[in-house]
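To start, the structure itself, in structure tokens.
The values are calculated or read from the model by the stated rules, or taken from the named source; none is laboratory data. All of these numbers come straight from a predicted model, not from anything done at the bench. Using ideal geometry, Cβ is built from the backbone for each residue, glycine included, and neighbour counts are taken over all protein chains shown. Calculation scope for accessible area: heavy atoms of the full protein, side chains included, ligands and nucleic acids excluded. Shrake-Rupley method; radii C 1.70, N 1.55, O 1.52, S 1.80 Å.
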Amino acid sequence: MSWSVLQTRRFARQYRKLQDNTAADVDAAVEQVALKPECGERKKGDLADLRVYKFRSGGQLYLLGYTLDDAVRLVYLEAVGPHENFYRDLKR
């Protein structure tokens, strides 16, 4: 059974800026995360509650950052983007 998915405003803004083919790859990654939320790598330190799912689109590595709410089986999509400066932008 898949989890429910909600997106934050930051994620929505970043998603709107993506090319169509990259957006399709992000949609596929979101489906994977909704089916199996533990597939993402858990971060440490300042971003300890964040999980990151890595995927490729157009030959470039993209990261999908999300958090989980186990009580209501909900995935919050926090951010999406290329690996470059992903964590720096997320800490702001």
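Which residues, taken from the range 37-82, are aliphatic (A, V, I, L, M), in contact with a Pro (Cβ under 8 Å, 6 or more places away or on another chain) and surrounded by fewer than 14 Cβ atoms within 10 Å (Cβ to Cβ)?
Listed by number, the list holds a single entry, L61.
Specify the residue that is modelled with the lowest pLDDT; the eligible residues are those in the range 1-14 that are of a type in the set (S, T, N, Q) and open to solvent by less than 70 Å² (accessible area, probe 1.4 Å).
Ranking the candidates gives S2 first.
Among the residues of the range 15-36, count how many are of a type outside the set (S, T, Y), surrounded by 13 or more Cβ atoms within 10 Å (Cβ to Cβ) and more than 11 Å from the chain's Cα centre (by Cα).
Residues meeting the conditions: 3.
Checking the structure you have, find out if any residue of the range 83-91 is among the aromatic types (F, W, Y) and within 10 Å of the chain's Cα centre (by Cα).
No, that holds for no residue.
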